[in-house]
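What follows is a single structure, written as structure tokens, with notes after it.
The values are calculated or read from the model by the stated rules, or taken from the named source; none is laboratory data. All values derive from a computational prediction rather than experimental measurement. Because the Cβ atoms are built from the backbone with ideal geometry, glycine has one as well, and the counts that use them run over all protein chains shown. To get the accessible areas, we keep the full protein, side chains included, count just its heavy atoms, and leave off ligands, DNA and RNA. Shrake-Rupley method; radii C 1.70, N 1.55, O 1.52, S 1.80 Å.
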Amino acid sequence: MPILPLMKSSIRALTRTEALDRQLDEELQSYLELLIDEKVRNGSDPSEARREALMELGGAEQVKAAVRETRHGAAIDSLLRDIRHAVRMMRTAPGFTVVVVLTLALGIGANTALFSTVNAALIRDIPFPDPDRLVAGDKARGGVPVGPVSRLDYFDISDSATSFDGLAAWVAGEVTVTGEAAPEVVGIMLATWNLLPVLGVDPIVGRNFLREEELEGGSESALISHRLWQSRFGGHQDVVGRKLFLNGEPRTIVGVTPAGFRFMADVDLWIPVERGDYFLDPQRDSHSLRLVGRLKPGVSLAQAQGEVDSIAAALEQRYPDTNKGKGVLLYNLQRYMVGDARTSLYLLMTTTALVLLIACGNVAGLLLARGQRRMQEMAMRSALGAPRKRLLRQLVTESVFMTLVAGLAGIAVAMLFQKLLLQLLPLGRPGLPEPSLDATVLLFTLLMSVLAGAAVGVIPALRATSYNPWEELRAGSRVSGGSRASRARILLVVAQVAISVVLLVGSGLLIQTMVRLTTADLGFEPQNLLAGKVGMRAAVYESAEERSAFFTTLVERVETLPGVMRASTISKLPIASPMTDWPIWHADEPRPASGEAELALARWTTPGYFETMSIPLLRGRDIATTDGPEAAKVLVISEAVADGLFPGQDAVGRMVKLGWTDDVYEIVGIVGDARLDGVRSDFYWAMYMASAQMSSTFQWLVVRTSGDPLLVVDSVRGILHDMDRDVVFADPRSMTSIIGSNLSAQRTVTTSLGVLAGIALLLTSIGLYGVLAFHVNQRMGEFGTRVALGAPMPQLMSSVLARGSRMVGAGLLVGIFMSVVGTRVVRELLFETDPLDPAVFLGAAAFLGSIALVACVLPAWRAAHVNPMETLRKE
């Protein structure tokens, strides 16, 4: 039996039909068995026959490899032919190609740009070694985070815990820097000696802090940033050992941090926290530090949390007055750094994905219409022997190739979007990686382009090849098989309308929130108000009298400037400077236990502050010039404090204690409540002390003007220069701009969602118009006949409008249901807004319906004004 020729013939047949490896293996095995049988019949021993047969077929694997190579080359050739055909199709229909590419490029580009931001904030590791071992910590009560940690609690936890390779603490602020160059106000971080070692960061010049510098009075050292090193010291290597004066206090530079190093705040200076530092009140119920730690290898976050909970329980037993119910809650550091930005990023990423879905729906609709026009081509190729899977592959390849081109264009769009996003989007705290179009983002773009191509191409390809080719050829130029494709396009439009409703409702809720935030009652009048920071050198102005005199003189001189109506100073400016709450209680009562004390935001001011801010004085008097360092301590409280501490009574004249001293304060006045922590904050309890009695070296200067407040900035700086050239007027801004900055994250999310909703609405309207226009085009002969028979114009228009209205109505119903479910996503971003506000839902539905009506009118008008003679002639 001629085994080998038969095998070669079969292999050629398998190659021609592109057989699978399994079929080839089966054929070779059958040939082997036949060869063995033939040798046994010729008298060979079975085992010897098998050995000889295997030797004769020793090249089978090489044959198989050759077959695979041949088949692989054929597949590549086929794919290249499909790509060349796709390029030709794109060239023959340039208008169609441009519309598809631009539509998808917009959606892909927006998703790529936003994904690069999400990738930086939520996916990429923070730029520290072994970032998964880094944790952050806040004070907690009942498992709920409530703010910073007590310094004494931190030292006890740090000394006792064994789960950490290091546990550090920090707090950020600002100081005036003098020496070596012009004075300037810079950000400063008071940190424990081990902050940089915990983060795994080494100075590029000099050394880190030493453990012994943590001891009280044991350090005058400072680390400076790479930026400050370059700007203030020209990048000279001899910077180590040189002096800086921070608010007049000398500090010796011991090192320079790496370029670009940022952690939690934009600062240029680090000084060590000392165990007895006067700057941080050493009371156990005074909370000012944030924690960051590095877990030991093999220790989980849950294990570390368990140990910290045990230490907190021991501290509660030891210090029941200050630590009752108090603990520390640990987080993954990256999650902590992202903070509230996570919700906004997820919302915008979801929104851009929905816009891309609408864009894909539009393109799919275009491809469905195009597929129906190409049915004659597909039918001819099928009749000539092309299998359906071959036609499907070609159509899907065309779609994917177009979306890949759109993906390349989308990268260019993403570069433009990304610059805007970096300026506008809230990305969390400083120290997160900078968004970039890295390999991960580009891979995301490629994957999204391929998926979009498959999504928009598969259904049209299936529709374009689901027919009887002979019936299609007999149909000639008439379009057949259109009902199923039309149903698919209708479903796409319904989905687009539903998604547009969701985006419009979300956008409407955020717009309503933004309106209420911008018109919210702040408790003060921000118009025509200037604010800036003033910090003096403590070493120069040593006594409380000298400091008080400086601020008093400054205010008096500023009030003489043309256009200035009133001026004053305060320790922490509303909106710009949140937090710092102190306990307050009746003077004749014992100090309340920690966690049970009433807290109020503590501020100290010079006379005239409430008039300058237009905060109403309800009862009593303002802080006066007679409330000096030697006078009895006085206090002005907000209405909320008065109602809370003295319900139904007049609080003026009552005595209270506050903070962590035994000093008694007399309440001399009651003022209106104000939003101090932020525009979104409640009217929190607040109390105001006399600045002269607090011996402050840093204050915000606030100036009420009759016109543009920024016009007096240079004059204020001139006054300060005359008084002390080492004192600067830092970061002067109008109060309205400060409020705008506080709302910038909300405004960005609202604007972004509104723009994306507008794009979605435009794409949906185009899709609706396209479906109705194609519907009218298909039924042109019918409409021509009906016009010839006398059908009235309104009747023809109403039939088209009714078809569009049914699609829009179905989409509205689905969209409203989806919106009700989806409002929980934006709930966290709302302010004094009901997430199920019927006005927003009805407004979104009415707005979309009116736009959709406009999209329906043109096809309906065309149907009613058809020329019957032309259409009948074509038929």
Report summary line: In Å², rounded to a whole number, the accessible area per residue of segment 526-614 with probe 1.4 Å is 39 Å²
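Any idea of the accessible area per residue across segment 81-165, 1.4 Å probe, to the nearest Å²? Provide the component values of the computation, followed by the final result.
Working: 3310 Å² over 85 residues.
For segment 81-165, the solvent-accessible area averages 39 Å² per residue.
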Requested in this report: Would you mind checking which residues have amide H under 5 Å from GLU249's amide H? H placed 1.01 Å from N; only 5 or more apart, or other chain.
Outcome: ALA538, ALA539
Report task. Compute the Rg to Rh ratio over segment 224-309 from the alpha carbon atoms, using the Kirkwood formula for Rh, and round to two decimal places. Result -> 1.07
Report task. Give a residue-ordered list of calculated ³J(HN,Hα) values for segment 526-534 (Karplus: 6.51 cos²θ - 1.76 cosθ + 1.60, θ = phi - 60°; whole Hz; x for Gly, Pro). Result -> x, 5, 6, 10, 10, 9, x, 9, 10
Query raised in the report: Spin-label point model (7 Å from Cα, Cβ direction): what's the LEU858 to ALA520 distance in nm?
Result: 4.3 nm
Report summary line: Amide H proximity to VAL175 below 5 Å, modelled H, separation 5+ or other chain, gives VAL186, ILE188
Query raised in the report: Taking all protein chains as present, what is the carbon and sulfur share of the accessible area of segment 550-628, in % to the nearest whole number, probe 1.4 Å?
Result: 54 percent
Report summary line: Here segment 305-313 yields Karplus 3J(HN,Hα) values (6.51, -1.76, 1.60; θ = phi - 60°; whole Hz; Gly and Pro given as x) of 4, x, 5, 4, 4, 5, 5, 5, 5
Query raised in the report: Taking the Cα atoms of segment 664-717, what is the range of coordinates along each of the three principal axes, in descending order and whole Å?
Result: 41, 31, 19
**Report entry** Other-chain or far-sequence residues with amide H under 5 Å of VAL205's (modelled H)
**Finding:** VAL256
Report task. Provide the gained length on full extension for the span MET565 to ARG717, in nm with one decimal, where the gain is 0.36 nm per separating residue minus the Cα-Cα distance. Result -> 53.0 nm
Requested in this report: May I ask you to give the percent of accessible area on segment 83-192 that is carbon plus sulfur, with a probe radius of 1.4 Å?
Outcome: 58 percent
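From the Cα trace of segment 116-213, what convex hull volume per residue do you get, rounded to a whole Å³? Intermediate values should be presented prior to the final figure.
Details: hull volume 19.0 nm³, N = 98.
Enclosed volume per residue, from the Cα hull, is 194 Å³.
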Report task. Can you work out the PRE-style zone for ASP438? Point 7 Å along Cα to Cβ, and I want the residues of segment 109-127 with backbone N under 20 Å. Result -> 111-127
Report summary line: Expected vector for segment 153-161, Karplus 3J(HN,Hα) from phi with 6.51, -1.76, 1.60 and θ = phi - 60°, integer Hz, x for Gly and Pro, equals 4, 4, 4, 5, 5, 4, 6, 9, 6
Query raised in the report: Based on the mean of other beta carbon atoms within 10 Å per residue, what is the order of 394-407, 613-626, 166-179, 253-266, most packed first?
Result: 394-407, 166-179, 253-266, 613-626
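Accessible area per residue of segment 639-740 at 1.4 Å probe, in Å²?
Details: 3880 Å² over 102 residues.
Solvent-accessible surface per residue comes out at 38 Å².
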**Report entry** Alpha-carbon centroid distance for the pair segment 142-173 / segment 652-694, whole angstrom
**Finding:** 28 Å
**Report entry** Spin-label pair GLU184/ARG725, simplified geometry with 7 Å Cα→Cβ offset, distance in nm
**Finding:** 1.8 nm
Query raised in the report: ALA587 versus MET818, label points 7 Å from Cα toward the beta carbon: distance in nm?
Result: 6.5 nm
Query - At q = 0.14, 0.15, 0.19, 0.33 Å⁻¹, base-10 log of I(q)/I(0) for segment 565-606 (Debye sum, equal scatterers on each alpha carbon) - result: -0.47, -0.52, -0.69, -1.14
